[in-house]
Amino acid sequence: MPDDKPPVDILQGTLNMMILRVLLPGPANGYEIARSIERRSDDLLQVEQGSIYPALRRLETKGFVEASWKTSSTNRRARYYRLTRTGRKQILAEQSRWKTLVHAITRVMRPAE
Amino acid sequence: MKWKWKRHRPTPQDLDDELQSHLEALRQERLDRGDSPEAAARYAHQHLGNRTAIAEDVHQVDPWSPFANALYTLRMAARSVTRHRKTTGPATAILSLGIAMSVAMFSLVDAVLLRPLPFPRQESIEVIWKVDAQAGHYIEELAYPELRDLQDNIRDLEYVAVMPTSLYGYARVLQHQGREPVQIESAPVSHDFFRVLGVEPALGRNFRASDERVNAAPVVILSDRVWREHFNSDPHIIGRMIRLNGDGNTVIGVMAPGVDFPRGAGFWRPLGIDRNIVERRNATYLQAIARRRPGSSHAAVERQIDSLFQRLANQYPQFYSPSQRASVMTLPVYWTGSSRPQLWILLGASILLLTASVLSAGILILSGVVARRIELATRIALGAARWRILTQLAAEGGFIAITATLAGSALSLLALPLLTRWAPADIPRVSDAHLDPAALTFAVAAAILAAIVCTLIPAGSALNQPLEPVLREGSTRSSLSRSGLRTRNWFICAQATVAALMLALAGLFVASYHALSTADIGFAHRDTLTFNLALHGPGPFGAGTYSVGARRAFYNELLHRLRETPGVLSAAAILVRPLEGPIGWERDYEFAFEAGKQTDRVLPKANYESITTGYFATVGTPLLEGRDFNDHDVEGSPSVVIISQSLARRIRAAGHSPVGHQLRFGPSLPWLTIVGVTADARYRNIAQQDADLFVPAMQAQPSTPYLVIRGTQSTTELAKLVRRTLAQLDPSQAAAREATLGELIDANTARNRFHMILLLAFGAAALLLAATAIYGVIAELMSARRQEIAIRTALGSPRARLMRDMIRSTLLFAAVGALAGTSALLFLRDHLTTLLYAITPTDPTILLSSAAFVLVVNLAAACWPAWRAVDRPRIDFT
């Protein structure tokens with residue numbers, strides 16, 4: 001049975017971060033972003049690719065990315081996203097927060113002494 | 001490469017395209033790996049995920065929500081409503097009709113009853129006269145000296161003025177710059193009149209006390225209408241002389257537009273310029289209007305005036321009877337007078353109709369939602385949130401309501417001019433009716449509430465049901481429809497109640513109108529043409545105002561010339577023509593057999609008419625006994641009188657023969673001998689039968705300004721003839737208010753006809769709604785139970801019985817409703833009695849037959865789909 005509230009994606013924050021990171025080298029469309037996340041995680045992270053879109057919209061809304069329609073390398077029209085200036089700054093912030101988080105979680109999770 | 005980076009909100013179409021492109025990319029990826037196209041497509045869909053869910057999630061992210069949310073929901077609702085147009089279409093149409101009718105009626109009622117008059121603080125303007133319970137239902141009018149009484153004694157009144165109770169006899173002939181003379185109604189008023197109303201002239205000045213002295217120079221204030229129509233809106237009119245009845249009058253002002261009080265007044269002039277009027281306490285033909293001081297109450301003022309009148313009665317027993325009481329009402333009540341109850345009834349009826357249409361639409365929407373339960377259950381099973389479905393359904397209801405409101409308002413905009421043109425002209429301010437924002441708000445609120453309630457109630461019950469049985473049942477919808485059936489049966493019951501109530505109401509008014517239009521009103525010749533002649537001013541028969549002798553000579557000559565003309569059958573003149581309105585002369589009278597038995601002040605009253613010879617033959621009132629007046633009934637010969645049948649009956653009851661009996665108009669007045677008895681006729685109002693007294697014009701003082709003429713020519717030719725003859729005789733005279741007796745009768749029954757037709761239309765609409773609703777419910781029920789019907793038919797169940805089983809419960813609800821509706825009328829009977837003619841509001845034939853009719857129509861509407869279902873049972877093998 002579905003919950004009354006929409007399911008909260010536990011990876012939401014990290015997904016945002018990953019998308020920003022993937023966009024750092026240059027513009028990419030949704031498909032490329034999803035593939036790139038999968039590839040960079042050595043296919044360990046199998047995202048339901050559609051779920052990147054809400055995240056993309058959220059980033060767009062916050063002004064971290066901007067989008068434009070163009071023709072892709074495979075000659076297909078696609079919406080391309082690129083980082084804005086605030087988006088680039090955001091990656092640094094997210095990265096340091098992530099590091100702190102990972103560090104904290106690792107300390108919590110390490111075997112008891 | 002130059003890219004145009006956008007930072008504005010992507011549209012749903014953007015997302016759609018984007019997802020499509022993503023899907024294509026995924027598919028291409030698999031195709032490149034050598035998958036089959038099917039496998040590739042499957043992979044792509046799986047990998048991307050549920051597109052609808054994505055769209056919903058993306059939508060949630062939208063920063064423009066809740067605004068965009070609402071818009072989106074509404075758009076989805078519009079799509080869904082269009083998809084289910086088989087139920088939503090009729091529901092919208094029905095709601096629109098209901099809204100249109102009630103909004104139009106509300107606007108009408110609002111214009112007449114609720115909208116303020118153009119006077120500031122109108123509720124503190126009081127209209128004052130007297131009633132005398134012992135003298136019958138007649139009102140007692142005031143005399144000019146009572147103006148001073150009120151001014152000096154009632155501290156709570158800021159301004160007091162007096163005016164005649166009717167405009168009758170105050171028309172003046174305006175001769176302006178060689179144009180054809182026209183009659184214009186005037187209102188003689190005391191000088192504070194406009195201060196009481198709280199209005200000022202738009203041009204020039206108000207009346208002053210100095211304008212109202214005895215023998216003051218004649219001045220007038222023109223109405224805006226007369227100023228525009230007859231003086232071309234001349235801005236330099238102030239101070240000019242105009243000729244009224246041949247006399248010069250100075251225009252001192254032009255009243256502000258919209259001031260039409262008393263109704264039809266073309267100009268106002270000072271009243272108290274004649275010593276005879278100013279000083280005589282027995283010249284009672286006036287009413288007072290007064291403005292209360294701020295802070296005073298209506299009840300207190302009424303009490304003060306009442307006790308003042310009591311004191312005056314003691315002080316002047318020769319003028320006032322001790323049984324006189326004050327009658328004080330506020331101007332709005334006085335203004336709308338008798339049209340109030342009818343309009344309230346019509347408003348009630350239109351609100352009932354709105355209710356009926358809301359119910360009907362509700363039933364349809366309910367059926368629609370019930371039929372969609374599987375869809376809803378499926379969506380829930382697939383993970384849609386319940387609140388989202390509820391919002392969606394409410395939005396659909398809202399969408400229907402908004403559409404219906406827009407369509408309904410447009411319809412009422414179209415209907416309103418029709419209604420106002422068609423409404424009887426004697427309802428004041430009816431032409432001011434326009435689409436009212438308050439009415440619209442009311443209808444919109446009702447429609448939205450109805451739509452939302454009708455979608456949410458079934459949706460709520462649909463959503464709270466366990467999903468599994470709903471889904472398992474699949475297309476056999478029996479339990480689904482059945483659970484909604486009870487609600488719908490109650491709707492049916494309410495519908496039948498409304499329909500029966502409206503139909504019974506319409507039935508009563510139809511019967512009343514029929515009785516009225518077939519009543520013997522005493523005038524057989526509908527084609528008789530009538531005119532008003534304002535006979536004043538210099539002419540060949542004497543200078544100045546006509547003397548009695550000159551006037552009689554004028555009429556004798558006019559009638560003589562008319563009667564001589566070929567094509568004219570008869571012509572006569574009378575004091576006040578039949579059905580001229582509530583105006584006329586009421587006179588005290590007493591017969592010889594009862595003289596002296598009664599105290600002075602409480603003589604009975606009868607309608608008093610002065611007529612020339614040939615009057616009865618012209619209007620077609622039969623003479624039952626005795627003789628008509630003839631050329632020998634002149635001044636100097638014995639005084640004679642003709643009475644109507646109801647008076648003759650009183651004489652006979654006392655054991656005398658009417659013809660030859662005597663009557664007088666007061667103890668100190670001479671006796672008149674009764675020479676004839678006529679059939680009863682209705683002079684004031686078609687629904688009101690009074691006693692009439694006729695005296696010959698040659699023996700009476702009052703004028704006979706109304707001409708009646710009948711001929712073999714068309715009325716147009718006759719009218720031309722009259723105008724021609726009049727012009728030959730005296731070119732300064734004007735003939736006005738041309739109307740045949742038939743037109744006067746129709747105008748008098750116009751209100752009744754208007755109400756009857758409207759109520760009939762409302763009743764028919766309500767019945768149609770009820771029939772549609774029951775048809776819809778039964779049809780839906782049948783399609784839900786067709787499996788059961790098929791099986792029972794196969795097992796040999798008789799069709800009639802099958803049908804009966806199917807519709808019995810619904811019809812039972814309808815029957816209860818129909819009876820309840822007609823019984824509801826019993827609560828209204830006190831209000832209805834005064835509005836109906838010769839019909840009691842509890843007339844069992846009408847009540848029972850309307851209930852029966854509603855039931856029969858419901859039965860037919862239920863049987864039709866039921867019979868179709870049992871006649872050709874279909875089985876779904878799906």
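Here A:Ser68 meets the list (1) more than 9 Å from chain B (Cβ to nearest Cβ); (2) polar (S, T, N, Q); (3) over 25 Å from B:Ala53 (Cβ atoms) almost entirely, failing just condition (1). Contact map, the range A:48-63: first residue at the interface with chain B (Cβ under 7 Å from one of its Cβ atoms), second residue assigned to a helix (DSSP H, G or I) and of a type in the set (Gly, Ala, Ser), Cβ cut-off under 7 Å, separation 6 or more or different chains; pairs are A:Gln49/A:Ala34; A:Tyr53/A:Gly30.
In summary, A:Arg97 fulfils each of the numbered conditions (1) over 23 Å from B:Leu48 (Cβ atoms); (2) in contact with a Gly (Cβ under 8 Å, 6 or more places away or on another chain); (3) basic (Lys, Arg) with the single exception of condition (2). Quick one: in the range B:512-533, which of the residues that are closer than 23 Å to B:Ile574 by Cβ and outside any loop (DSSP other than H, G, I, E, B) is modelled with the lowest pLDDT? Among those that are closer than 23 Å to B:Ile574 by Cβ and outside any loop (DSSP other than H, G, I, E, B), it is B:Leu533. Among the residues of the range B:208-235, which ones are among the charged types (D, E, K, R) and within 14 Å of B:Pro188 (Cβ to Cβ)? Hits for the range B:208-235 are B:Asp211, B:Glu212. Applying the selection to the range B:621-638, what residues are in contact with a Phe, Trp or Tyr (Cβ under 8 Å, 6 or more places away or on another chain) and surrounded by fewer than 18 Cβ atoms within 10 Å (Cβ to Cβ)? Once the filter is applied, which keeps residues that are in contact with a Phe, Trp or Tyr (Cβ under 8 Å, 6 or more places away or on another chain) and surrounded by fewer than 18 Cβ atoms within 10 Å (Cβ to Cβ), the range B:621-638 yields B:Pro622, B:Leu623.
Taking the range B:781-878 as the region of interest, the helices (runs of 4 or more DSSP H) fully inside it that hold 3 or more residues being hydrophobic (A, V, I, L, M, F, W, C) are B:786-794, B:799-827, B:844-871. Give B:Leu23, B:Leu31 a once-over and let me know the one that is over 19 Å from A:Glu48 (Cβ atoms), more than 7 Å from chain A (Cβ to nearest Cβ), modelled with pLDDT of 85 or more and surrounded by 15 or more Cβ atoms within 10 Å (Cβ to Cβ). Exactly one residue qualifies, and that residue is B:Leu31.
Can you find even one residue in the range B:262-274 that is touching a residue at least 12 places away in the same chain (Cβ under 8 Å), over 18 Å from B:Met163 (Cα atoms) and either touching a Ser or Thr at 6+ places or on another chain (Cβ under 6 Å) or in a loop (DSSP other than H, G, I, E, B) (or both)? No, that holds for no residue. Residues considered: B:Ala401, B:Ala385. Of these, the only one that is out of contact with any Lys or Arg (no Cβ under 7 Å at 6 or more places or on another chain), among the small types (Gly, Ala, Ser) and within 14 Å of another protein chain (Cβ to nearest Cβ) is B:Ala385. With respect to the conditions (1) surrounded by 19 or more Cβ atoms within 10 Å (Cβ to Cβ); (2) of a type in the set (S, T, N, Q); (3) more than 7 Å from chain B (Cβ to nearest Cβ), A:Ser73 falls short on a single one, namely (1).
For the range A:36-47, taking the residues that are free of Cβ contacts under 8 Å to residues at least 24 places away in the same chain and crowded, with 17+ Cβ neighbours inside 10 Å, the one that is farthest from A:Thr14 (Cα to Cα) is identified as A:Ser36. Can you find a residue in the range A:34-43 that is more than 14 Å from every other protein chain (Cβ to nearest Cβ) and not in a helix (DSSP H, G or I)? Yes: one or more hits. Within the option set B:Leu347, B:Leu331, B:Leu244, being touching a strand residue (DSSP E or B) at 6+ places or on another chain (Cβ under 9 Å), farther than 30 Å from B:Gln175 by Cα and hydrophobic (A, V, I, L, M, F, W, C) holds for one residue only, B:Leu331. Residue count for the range B:85-113 under the criterion of being more than 29 Å from the chain's Cα centre (by Cα), surrounded by 19 or more Cβ atoms within 10 Å (Cβ to Cβ) and modelled with pLDDT under 80: the result is 1. Among the conditions (1) within 14 Å of chain A (Cβ to nearest Cβ); (2) not in a helix (DSSP H, G or I), the only one that B:Leu390 does not satisfy is (2). Scanning the range B:663-691 for residues that are buried (at least 18 other Cβ atoms within 10 Å of the Cβ) and more than 31 Å from the chain's Cα centre (by Cα) returns B:Leu663, B:Arg664, B:Phe665, B:Leu672, B:Ile674, B:Val675, B:Gly676, B:Val677, B:Thr678, B:Ala679.
The values are calculated or read from the model by the stated rules, or taken from the named source; none is laboratory data. All values derive from a computational prediction rather than experimental measurement. Cβ: placed from backbone, ideal geometry, glycine included. Neighbour counts: every protein chain shown.
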